[in-house]
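The values are calculated or read from the model by the stated rules, or taken from the named source; none is laboratory data. Quick caveat: nothing in here was measured; it's all calculated off a predicted structure. Positions of Cβ are backbone-derived with ideal geometry, glycine not excepted, and every protein chain shown enters the neighbour counts.
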Amino acid sequence: MRDEIQRLSLDHHHYGYRRITVRLKRAGWTVNHKRVQRIRAEDNLLCVPKQAFRPATTDSRHRFVVYPNLARRLVPTTVNQMWVADITYVRLSEEFIYLAVVPDAFSRRVIGWSLAEHLRASLAVEALEMALHARQVMPGLVHHSDRGVQPGFNQSSQRSCELTVRARQMPLQVFSSQGFCEASC
């Protein structure tokens, strides 16, 4: 029986003692779950837990333009010098919702956010527009976002920034790269 428990544990490394017990009973063995648990513990056959499902919010393999990472060397010394952006998911009882945030890199205060059931570019653009309306856009302000899975976010965010900045006559640099918000916020 020990050999069968070892074989099943190695073949199905995500199985715990309960599933191994069921498999043994189906194979005709008369066995108790406590015995299976004891033998697995003696032989150090631990269950490897499966990773929890996490929906993807970043996909670096896309056909859109990747803008240079200007934030790599930029250390903010005052507010409204650099805004970062990120999208995360919130697990509800029966579904996921997505939250887009735009915090100020210096103060780390969230100045724009948007919540939706979808992961389209409009989610990130709404958060950016909220930030643009909440704060005065200063010359040289940099908006930094990662390369998300939202198709066309770079184009949409630039269009949104250009319209807002044109109305205020202020330059706003927009670029994206791999996850600055996770590291700084």
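Condition check for TYR98 on (1) modelled with pLDDT of 90 or more; (2) surrounded by fewer than 20 Cβ atoms within 10 Å (Cβ to Cβ); (3) in contact with a Pro (Cβ under 9 Å, 6 or more places away or on another chain): one failure, at (2). Of all residues in the stretch 20-74, those satisfying the criterion of being among the hydroxyl-bearing types (Ser, Thr, Tyr) and either part of a helix (DSSP H, G or I) or modelled with pLDDT under 80 (or both) are THR21, THR57, THR58, SER60, TYR67. One residue is enough: does the stretch 85-103 have a residue meeting the conditions touching a His at 6+ places or on another chain (Cβ under 6 Å) and either under 22 Å from HIS133 (Cα atoms) or assigned to a strand (DSSP E or B) (or both)? No, the conditions are met nowhere in the stretch 85-103. Of all residues in the stretch 104-144, those being within 21 Å of PRO76 (Cα to Cα), assigned to a loop (DSSP other than H, G, I, E, B) and touching a residue at least 60 places away in the same chain (Cβ under 8 Å) number 2.
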